[in-house]
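One structure below.
Values in this text are rule-based calculations from the coordinates and carry no lab data. Small disclaimer: the values here were computed from a predicted structure and weren't measured. No Cβ is skipped: glycine too gets one built from the backbone with ideal geometry, and neighbour counts run over all protein chains shown.
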């Protein structure tokens, strides 16, 4: 039986200091996802399909992510046969 999991790592935006010692916000907050198990990855693929069909204004990078997820699934399924 394959394990299905989603791991999330949250990183808040971090502060830096300028030459006067004042705090400046640098990077944006970040979430990193790790999906474990092909079934979990397939669920992400379905989620992306539904989202992008309803909201194509998300932008090209979301469509590229969707394409890469599909390609990954195809390769994994080919290796497991």
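Annotations for the structure displayed:
- Ellipticity estimate at 222 nm from DSSP helix runs (n ≥ 4, -39,500 (n - 2.57)) divided over the chain, nearest 500: -15500 deg cm²/dmol
- Angle in degrees between helix 60-79 and the longest Cα principal axis of the chain, rounded to the nearest 10: 40
- Put a dot 7 Å past the Cα of residue 67, heading toward its Cβ, do the same for residue 5, and the two dots end up 3.2 nm apart.
- Sorted ascending by nearby beta carbons within 10 Å, beginning with the fewest, 36, 8, 69 become 8, 36, 69.
- The long axis of helix 38-54 is offset from the longest Cα principal axis of the chain by roughly 70 degrees.
- Over 17 Å [Cα-Cα, the range 35-78], rounded percent: 28
- Among the listed values (1) 35, 18, 11; (2) 19, 15, 12; (3) 24, 13, 10, the one computed from these coordinates for semi-axes √(5λ) of the Cα gyration tensor in Å is (1).
- Rough spin-label spacing in nm, given labels placed 7 Å along Cα→Cβ, for residue 51 and residue 13: 2.1
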